[in-house]
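Derivation of every value follows stated rules applied to the coordinates shown; laboratory data play no part. What you see is a predicted model, and the numbers here were worked out from it, not measured in a lab. Backbone-built Cβ (ideal geometry, glycine too); neighbour counts: all protein chains shown.
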Amino acid sequence: MKSILFLCSLIVAPVLLAQTPAPAPVAPPSGPLLKNTAEFASWTVTTTSGSQDKKDEAQKPGGKPVVNTDNKKVTVVKTGKIRYELSVDAAGNRLQKWYLNGYLAIIAPNSDPVVSSASPFKIDFPELGWVSAKTFQSVSLVNGRKCLIFANKEALQNQSSAGSPSPTPKPEIGGEANDALVAYIDEASRLPVTLYVNDVVSTYQFGQTPSALLTPPDNVKAAVLGLQKQIQQASAPVAAP
């Protein structure tokens, strides 16, 4: 709740009360509003959630301490068309994802890779696919950084509803219907700084540039090769009798 009120206070072009005339729309700056990283890049997304349901459960008489597994850190390394993601939640659960050659390999703890076909990433940050000139609100100084501020209509409605939204936290960030979305994009680099989805907050930090092409582990390469062979066999023409 506090995070929703805080993020709304940082939108410089808010929706005013009904009796006040609405301000003129602010034109977005020129150039791409959100950029992809370089071909070789790495970044970390740290996500925290203020899930009230889990807090209430932990505070019940005799209630057990609750680990909010919505809280997680995702490390992303990208080298060309190969992308690796490591997600670690607050309980220490690890989930690995390899994207390569149009395939996605997911490795859960103590499990073999599960491979499926996957479309290449059109943007590095699919969770920010809703960012556009239509959702642009203003330019503002946030924690000493000049940022482009974006918000969808649900976030603006929450702002103008007397400060009483009832957010429902989501473990996966994205633009689902009825989610209140606010994003801060660094004006200079046009890379993301912070994303709010209801009361789930994700912060972005960009690391060192990888010095070499990523090499998937042998079990991932074998699993991808196995699926490729299955697809080839299924699409092969049937020999005439």
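Once the other residues with Cβ under 14 Å from the Cβ of PRO113 are scored (Lys, Arg +1; Asp, Glu -1), what is the net sum? Kindly include the intermediate steps, with their values, before the conclusion.
Numbers: positive: ARG94, LYS97, LYS221; negative: GLU85, ASP112, ASP218.
Value of the local net charge: 0.
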Checklist entry - Residue by residue through segment 133-143, which ³J(HN,Hα) values in whole Hz follow from phi under the Karplus form 6.51 cos²θ - 1.76 cosθ + 1.60 (θ = phi - 60°), with glycine and proline marked x? => result 4, 5, 9, 5, 10, 5, 10, 8, 8, 10, 6
Next on the checklist: Going through the cross-link list LYS35/LYS153; LYS35/LYS78; LYS122/LYS146; LYS35/LYS81; LYS78/LYS229, which pairs have a Cα-Cα distance over 21 Å in this structure?
Outcome noted: LYS35/LYS153; LYS122/LYS146; LYS78/LYS229
